[in-house]
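In what follows, a single structure is set out as structure tokens and then discussed.
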Amino acid sequence: MSKAFPWYTARGDDGTTGLLGAGRVPKHHPQPEAFGAVDEAGSMIGFARALIDDREINGLLVQVQRHCYVLMAELAATPDAQAKFRQIGSEQVAWLANLTDQDDGFSAAPLPDHRTEDAQGTTLGAVGAMGSFAKNLSGIRA
């Protein structure tokens, strides 16, 4: 039987978080807050994917998740390592903005048992809520 990969480091917690590259920052630093927020967004997108059967929308959400993974790497890089991880550009931001601006975008997959309202009071299915969230997220990088 092979030994499972541990989910802990066994080094204790010194209140810092390692970055991509040589460096650490305090856990309360804006950098881990930023890549943590994008990680949560990716998790929510995964949750939305689990709720829908629409292959086209699911495929679009996979692309958004992949962009989130890349963005997390960019946000987690030290200044010296940033060039190595820089991949998100205006093309990806424009793609997401265009996707979320479509009339039939994420809200095209109705989920009658999972309803919520966005900031403007519009009733959305779970996927529509994720689309609204993605639209807000795209404004962070614009």
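Read-outs throughout are calculated quantities, based only on the coordinates presented, and are distinct from any laboratory measurement. The structure displayed is predicted, hence computed values, not measured ones. Cβ sites come from the backbone with ideal geometry, for glycine too, and all protein chains shown count toward neighbours.
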Result of the Cβ filter at 7 Å on segment 59-84, keeping first residues that are free of Cβ contacts under 8 Å to residues at least 40 places away in the same chain and surrounded by 15 or more Cβ atoms within 10 Å (Cβ to Cβ) and partners that are among the β-branched types (V, I, T) and not in a helix (DSSP H, G or I), at least 6 apart or interchain, is H67/I88; V70/I88; E74/I88
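E56 - would you say it is assigned to a helix (DSSP H, G or I) and over 13 Å from the mean Cα position of the chain (by Cα)?
Yes; evaluated as a whole, the condition is true for this residue.
Those residues that are within 16 Å of E74 (Cα to Cα) and part of a strand (DSSP E or B), I need them from segment 11-48; list them, please.
Of everything in segment 11-48, those that are within 16 Å of E74 (Cα to Cα) and part of a strand (DSSP E or B) turn out to be T17, G18, L20, R24, V25.
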Consider R24 against the criteria (1) loosely packed, with under 13 Cβ neighbours inside 10 Å; (2) without any contact (Cβ under 8 Å) to a residue 24 or more places away in the chain: it satisfies all of them except one. Which criterion is unmet? (1)
